[in-house]
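K.L.:
The structure's right below; bear with me while I get my questions together.
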Amino acid sequence: MPRIAIIGVGAIGGVLAGLLETTSHHELTLCTRRPLPALTVETPGGAVEVHATNITDPALAVPVDWILAATKTYDCAAAAAWFPGLTGPETRLAVVQNGIEHRENFAGSFPEDRILPIVIDVPAERRSDSLVLQRSTALIRTEDTAMGADFEGLFARSKAKVELTANFLTAVWHKLCINSAGVISALTLKPAGILRDELLGNVALGIIAECIAVGKAEGAHLDDSLAAQILANYRAGSPDSINSLLADRMANRPTEIDARNGVIVRRGAKHGIATPLNSMAVALLKGMAS
């Protein structure tokens with residue numbers, strides 16, 4: 001029975017725990033800052049009660065087969081504090097985070113040849129410490145390698161859709177294009193329905209178009225029509241859906257703005273591509289937090 005530790009049991013970490021629970025095939029450990037007496041994931045198919053060992057002290061960690069790092073990008077140092085106790089000679093690290101710098105986020109903290117970057121697309125919200133809402137089926141993408149295939153096997157009996165792709169660069173930039181428009185919710189303090197507004201929808205199209213241009217320069221295969229497709233998907237989704245950037249701002253926590261829109265600005269500058277809308281969004285969100 002594979003032993004799996006999840007670091008960061010927020011919305012995404014909770015969804016992963018729920019998916020793995022449904023396989024009845026893993027020994028789960030949830031690594032959290034404070035005790036987690038229970039965890040329920042409300043999925044489209046019903047409630048899933050997660051049965052796992054919960055530890056709050058890295059000193060109590062024991063080696064596992066897989067570590068799933070699902071923390072926010074600004075919590076990478078705290079996540080890495082768990083690695084010494086959880087890591088054995090064969091332990092692998094799956095980095096399930098926003099942005100495009102999965103390996104870079106843990107450079108020097110874990111052997112690079114055992115790090116697997118993961119992109120997950122699933123609308124999910126943490127309603128409380130013990131309750132996560134999963135709004136639709138989880139789509140998980142990772143590299144088409146032997147390690148990627150082993151990761152896919154962890155979810156073989158779950159309802160997650162796991163895709164192995166030979167072009168992970170495109171997959172990660174595609175997800176970033178989706179995430180980039182979410183900054184509008186964070187700035188307006190409104191859920192996804194705000195993008196049904198015509199003027200703000202046009203702003204979203206511009207933000208995504210900048211991301212597409214930079215992604216292409218980085219080598220991703222992205223069609224210009226993707227911007228309209230993403231906006232249409234936002235408008236067709238639940239108007240009360242709250243993305244993680246908005247959730248963090250509402251809770252007065254740090255945000256992942258640097259990993260989401262900030263990286264578009266940084267990589268754009270490297271290629272000489274102007275990103276005025278993303279630059280303004282980053283400046284405004286950081287200014288509001290100061």
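The values are calculated or read from the model by the stated rules, or taken from the named source; none is laboratory data. Bear in mind the structure is a predicted one, so any value in this text is a computation, not a measurement. With ideal geometry, Cβ positions are generated from the backbone for all residues, glycine too; neighbour counts draw on all protein chains shown. Heavy atoms of the whole protein, side chains included, go into the accessibility calculation; ligands, DNA and RNA do not. Shrake-Rupley method; radii C 1.70, N 1.55, O 1.52, S 1.80 Å.
K.L.:
For an R0 of 22 angstrom, estimate the FRET efficiency from the Cβ-Cβ distance between A149 and R114 and round to the nearest 0.05.
P.N.:
The pair A149/R114 has a calculated efficiency of 0.90.
K.L.:
Oh, and also: Please give the peptides 165-173, 45-53 ranked by average Cβ packing (other Cβ atoms within 10 Å per residue), highest first, as a rough proxy for protection. Mind dumping the intermediate values first?
P.N.:
On the way: 165-173: 18.4, 45-53: 14.2.
Descending mean neighbour count gives 165-173, 45-53.
K.L.:
Let me check against my output: what whole-number percent is the relative contact order of segment 172-279, with C-alpha pairs under 8 Å and at least 6 apart?
P.N.:
Across segment 172-279, relative contact order equals 36 percent.
K.L.:
Can you tell me the order of 251-258, 213-220 when each peptide is scored by its average per-residue count of other Cβ atoms within 10 angstrom, highest first? Can you show the working numbers first?
P.N.:
Working: 251-258: 16.6, 213-220: 18.8.
Ranked from most to least packed, the peptides come out as 213-220, 251-258.
K.L.:
I would also like to ask the following. Go ahead and run the numbers for FRET between D121 and I273, Cβ-Cβ distance against an R0 of 35 Å, rounding to 0.05.
P.N.:
It comes to 0.90.
K.L.:
Which value in Å does the Kirkwood hydrodynamic radius of segment 75-208 take, with 1/r averaged over all unlike C-alpha pairs and then inverted?
P.N.:
Mean inverse Cα-Cα distance, inverted, gives 16.9 Å.
K.L.:
Go through 260-268, 133-141 and give me the packing order, highest mean Cβ count within 10 Å leading.
P.N.:
Packing order, densest peptide first, comes out as 260-268, 133-141.
K.L.:
At q = 0.18, 0.19, 0.20 Å⁻¹, what log₁₀ I(q)/I(0) does segment 1-103 have when each alpha carbon counts as one equal point scatterer in the Debye sum?
P.N.:
Summing over Cα pairs of segment 1-103 leads to -0.82, -0.92, -1.02.
K.L.:
Ok, one more. Starting from the Kirkwood Rh over alpha-carbon pairs, what translational D in µm² s⁻¹ does segment 168-290 have by Stokes-Einstein at 10 °C and 1.306 mPa s?
P.N.:
Translational D for this selection: 111 µm²/s.
K.L.:
Please work out how much length the chain gains when fully extended from S130 to A38, using 0.36 nm per residue of separation minus the C-alpha to C-alpha distance, in nm with one decimal.
P.N.:
Answer, rounded to one decimal: 32.6 nm.
K.L.:
In debye, nearest 20: dipole of segment 103-257 around its Cα centre with unit charges on the Cβ of K, R (+) and D, E (-)? All intermediate terms of the calculation are to be shown ahead of the outcome.
P.N.:
Values: 16 positive and 20 negative charges, 119 e Å.
Here the size comes out at about 560 debye.
K.L.:
Give the accessible surface of segment 185-290 per residue, rounded to a whole number of Å², with probe radius 1.4 Å and ligands, DNA and RNA excluded. Write out the running numbers ahead of the final one.
P.N.:
Numbers: 5150 Å² over 106 residues.
Value for segment 185-290: 49 Å² per residue.
K.L.:
Still on this structure: State log₁₀ I(q)/I(0) for segment 59-115 at q = 0.28 Å⁻¹ as given by the Debye formula over alpha-carbon point scatterers of equal weight, solvent excluded.
P.N.:
Those come out to -1.29, one per q.
K.L.:
With contacts defined as alpha carbon pairs under 8 Å and 6 or more residues apart, what's the relative contact order of the chain in percent?
P.N.:
So the answer I get is 15 percent.
K.L.:
What number comes out for accessible area per residue over segment 26-68 if the probe is 1.4 Å? Units Å², please.
P.N.:
For segment 26-68, the solvent-accessible area averages 52 Å² per residue.
K.L.:
Once R0 is set to 22 Å, what does the formula 1/(1 + (r/R0)^6) return for the Cβ-Cβ distance between A156 and T53, expressed as a FRET efficiency to the nearest 0.05?
P.N.:
Numbers: r = 22 Å, r/R0 = 1.02.
That pair, A156 with T53, gives E of 0.45.
K.L.:
Hey, another quick one. According to the square roots a ≥ b ≥ c of the eigenvalues of the Cα gyration tensor, what is the shape class of segment 171-225, taking rounded for a/c under 1.5, prolate for a/b larger than b/c otherwise, and oblate for the remainder? Walk me through the intermediate numbers first.
P.N.:
Values: a/c = 2.82, a/b = 2.04, b/c = 1.38.
Prolate is the answer for segment 171-225, as a/c is 1.5 or above and a/b outweighs b/c.
K.L.:
Continuing with this model, one more query. In whole Hz and in residue order, list the ³J(HN,Hα) couplings for segment 245-261 that follow from phi through the Karplus curve 6.51 cos²θ - 1.76 cosθ + 1.60, θ = phi - 60°; x for Gly and Pro.
P.N.:
Using θ = phi - 60°, the values come out as 5, 5, 4, 5, 5, 5, 8, 6, 9, x, 10, 8, 4, 5, 7, 9, 8 Hz.
K.L.:
Moving on to the next point. Given all pairs of different Cα atoms, what value in angstroms does the Kirkwood hydrodynamic radius of segment 225-290 take? Spell out each step's value before the answer.
P.N.:
Values: mean 1/r = 0.0743 Å⁻¹.
The Cα-based Kirkwood calculation yields 13.5 Å.
K.L.:
Taking all protein chains in place and a 1.4 Å probe, what share, in percent, of the accessible surface of segment 112-180 do carbon and sulfur account for?
P.N.:
Numbers: 1420 of 2980 Å².
Of all accessible area on segment 112-180, carbon and sulfur atoms account for 48 percent.
K.L.:
Read phi for every residue in segment 93-105 and hand back ³J(HN,Hα) as whole Hz from Karplus 6.51 cos²θ - 1.76 cosθ + 1.60, θ = phi - 60°, with x for Gly and Pro.
P.N.:
10, 9, 9, 10, 9, 6, x, 10, 10, 4, 5, 4, 5
K.L.:
With a 1.4 Å probe and all protein chains left in place, how much of the accessible area of segment 219-278 comes from carbon and sulfur atoms, in whole percent?
P.N.:
After summing per-atom areas, the C and S share lands at 55 percent.
K.L.:
Using a 7 Å offset from the Cα along the Cα-to-Cβ direction at both A81 and D223, what is the distance between the two label points in nm, to one decimal?
P.N.:
About 4.7 nm, to one decimal.
K.L.:
Same structure, new question: If you add up the charges near A94, with Lys and Arg at +1 and Asp and Glu at -1, over every other residue whose beta carbon is less than 13 angstrom from its beta carbon, what do you get?
P.N.:
That works out to 0.
K.L.:
Equivalent-ellipsoid semi-axes (√(5λ), Cα gyration tensor) for the chain, whole Å, largest first?
P.N.:
Ellipsoid semi-axes (Å, largest first): 30, 21, 18.
K.L.:
Okay, next question. Taking all protein chains in place and a 1.4 Å probe, what share, in percent, of the accessible surface of segment 28-72 do carbon and sulfur account for?
P.N.:
Working: 1230 of 2220 Å².
For segment 28-72, the apolar C and S fraction of the accessible surface comes to 55 percent.
K.L.:
Can you give me the long-range amide H partners of L116? Hydrogens built in the peptide plane at 1.01 Å from N, cutoff under 5 Å, separation of 5 or more residues or another chain.
P.N.:
Correct list: L93, A94, V95.
K.L.:
Starting at the first residue of segment 51-58, write each ³J(HN,Hα) from the Karplus equation 6.51 cos²θ - 1.76 cosθ + 1.60 with θ = phi - 60°, in whole Hz, x for Gly and Pro.
P.N.:
10, 7, 7, 10, 10, 10, 10, x
K.L.:
Related question: Multiply the residue gap between L189 and A289 by 0.36 nm, knock off their C-alpha separation, and tell me the result in nm, one decimal place.
P.N.:
Taking 0.36 nm per residue and subtracting the Cα distance, the gain is 34.7 nm.
K.L.:
Under 17 Å between alpha carbons: how many lysine pairs meet that in the chain, if sequence neighbours fewer than 8 apart on the same chain are excluded?
P.N.:
Details: K72/K175; K72/K286; K161/K175; K175/K216; K216/K270.
Step by step, the pairs that qualify in the chain add up to 5.
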